1. Can you compute the modelled spin-label distance between ILE49 and VAL24, with each label point 7 Å from Cα toward Cβ, in nm?
2. Out of the trypsin sites (Lys or Arg not before Pro) in the stretch 33-82, which ones are loop residues according to DSSP with at most 16 other C-beta atoms within 10 Å?
3. Counting other C-beta atoms within 10 Å, which of SER39, SER2 has the fewest, and how do the rest follow?
4. Based only on other Cβ atoms within 10 Å, what is the fewest-to-most ordering of LEU31, LEU45?
5. What ranking do ILE4, ILE37 get, fewest neighbouring Cβ atoms within 10 angstrom at the top?
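Values quoted throughout were computed directly from the atomic coordinates according to the rules given, and no laboratory measurement underlies them. The model shown is predicted, which means the values in this text are computed figures rather than measured ones. Every residue, glycine among them, receives a Cβ derived from its backbone with ideal geometry; neighbour counts consider all protein chains shown.
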Amino acid sequence: MSKIDTQGMSGPTDPNYKGSTGRVEYKPAILQPRRIITSELAKELKILINEALDEREGKTGISYFHTEHFKHSILEEEPEYKPYD
């Protein structure tokens, strides 16, 4: 019958060995908050809210959400959005 001798796996056999205290100092974990809304969606929501508030004050302009005004060729950059006047 074969068996594994585990007696020698317990550590040093020196009776004078003090060993480490076993205490390890850990730094606290850094948590980054999770958001349900992506940064791109948050940007668009912010624009939408600001446009709604501007319209309440009587300001007018081209809305960020009127995509007809922002059409462009694939070779060009999207036209810059300018907030209401």
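1. In this crude label model, ILE49 to VAL24 measures out at 4.4 nm.
2. Answer by residue number: ARG34, ARG35, LYS59, LYS71.
3. The order, fewest Cβ neighbours first, is SER2, SER39.
4. Ordered by Cβ neighbours within 10 Å, fewest first: LEU31, LEU45.
5. The order, fewest Cβ neighbours first, is ILE4, ILE37.
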